[in-house]
Amino acid sequence: MTVRVGSAFFCDDVRIEKSEKNIYVGVYTGTMIMQNNEEAVFLRLVTTVMSDGAARGNFEVRVRIDDKEIASAENTYEIRQRGIGHFIFPPLQVGPLERECALIVEMQLDGRGWEEANYTSITFATMQSPVH
């Protein structure tokens, strides 16, 4: 059985329907532009673990802005059959920012070493406040 790091993405919110399907609201990709003096934004992180069979184990996730770790979490995963396990994290504070930077998501499964998650990276570009 092979267990591997899947994908990761950021969104504004996650809602669960009565049918237990997840609805991802405001999924971010590419570049997000923020004003230099803007307050922090709060984003939800969704990660996946993929397996070709039933699997159970431990995983760690860390989020960095460039080289600075801004969040980390540990959890267990359980995949009952071949497929994907989804993990939704509490809102993560990003900013306020002073310069352009990139969010980096790394995962470690069962202590095997850190891997960058497969995701469309978000680059935060800052801009000056408009003059009034």
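Values quoted throughout were computed directly from the atomic coordinates according to the rules given, and no laboratory measurement underlies them. All values reported here derive from a predicted model rather than from experimental measurement. Every residue, glycine as well, gets a Cβ built from its backbone with ideal geometry; the counts of neighbours run over all protein chains shown.
Inverting the mean 1/r over all pairs of different Cα atoms, compute the Kirkwood radius of the chain and quote it in Å. All intermediate terms of the calculation are to be shown ahead of the outcome.
Working: mean 1/r = 0.0628 Å⁻¹.
Answer for the chain: a Kirkwood hydrodynamic radius of 15.9 Å.
I'd like the GluC sites (Glu not before Pro) in segment 34-80 restricted to DSSP loop residues with at most 12 other Cβ atoms within 10 Å, sorted by number. Present the calculation step by step, with values, prior to reporting the outcome.
Working: sites: GLU38, GLU39, GLU60, GLU69, GLU74, GLU78; in loops: GLU38, GLU39.
Here the sparse-neighbourhood loop sites are GLU39.
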Residue by residue through segment 65-77, the couplings from Karplus 6.51 cos²θ - 1.76 cosθ + 1.60 with θ = phi - 60°, in Hz, x for Gly and Pro, are 10, 6, 9, 9, 6, 10, 6, 8, 7, 10, 7, 10, 10
A correct Karplus calculation of ³J(HN,Hα) over segment 86-97, with 6.51 cos²θ - 1.76 cosθ + 1.60, θ = phi - 60°, whole Hz and x for Gly and Pro, returns 9, 10, 10, 9, x, x, 10, 7, 10, x, x, 10
Once amide hydrogens are built 1.01 Å from N within the peptide plane, the residues lying 5 or more places from ASP110 or on another chain with amide H under 5 Å from its amide H are ASN58, PHE59, GLU60
Subtracting the Cα-Cα distance of ALA102 and GLU60 from 0.36 nm times their residue separation yields 13.1 nm
The answer for chymotrypsin sites (Phe, Trp or Tyr not before Pro) in segment 1-66 that fall in a DSSP coil and have at most 12 neighbouring Cβ atoms within 10 Å is none
Taking R0 as 35 Å and r as the Cβ-Cβ distance between TRP114 and LYS18, the FRET efficiency 1/(1 + (r/R0)^6), rounded to the nearest 0.05, comes to 0.40
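Rounded, prolate or oblate: which one fits segment 1-48, using the alpha carbon gyration tensor with axes a ≥ b ≥ c (rounded when a/c is under 1.5, else prolate when a/b beats b/c, else oblate)?
On the way: a/c = 3.27, a/b = 1.53, b/c = 2.14.
Note, shape of segment 1-48 comes out oblate.
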With 0.36 nm assigned to each residue of separation and the Cα-Cα distance removed, ILE33 to GLU78 gains 12.5 nm
Listed by chain and number, the residues whose amide H is under 5 Å from that of GLU100, excluding neighbours fewer than 5 places away on the same chain and using placed H, are THR126
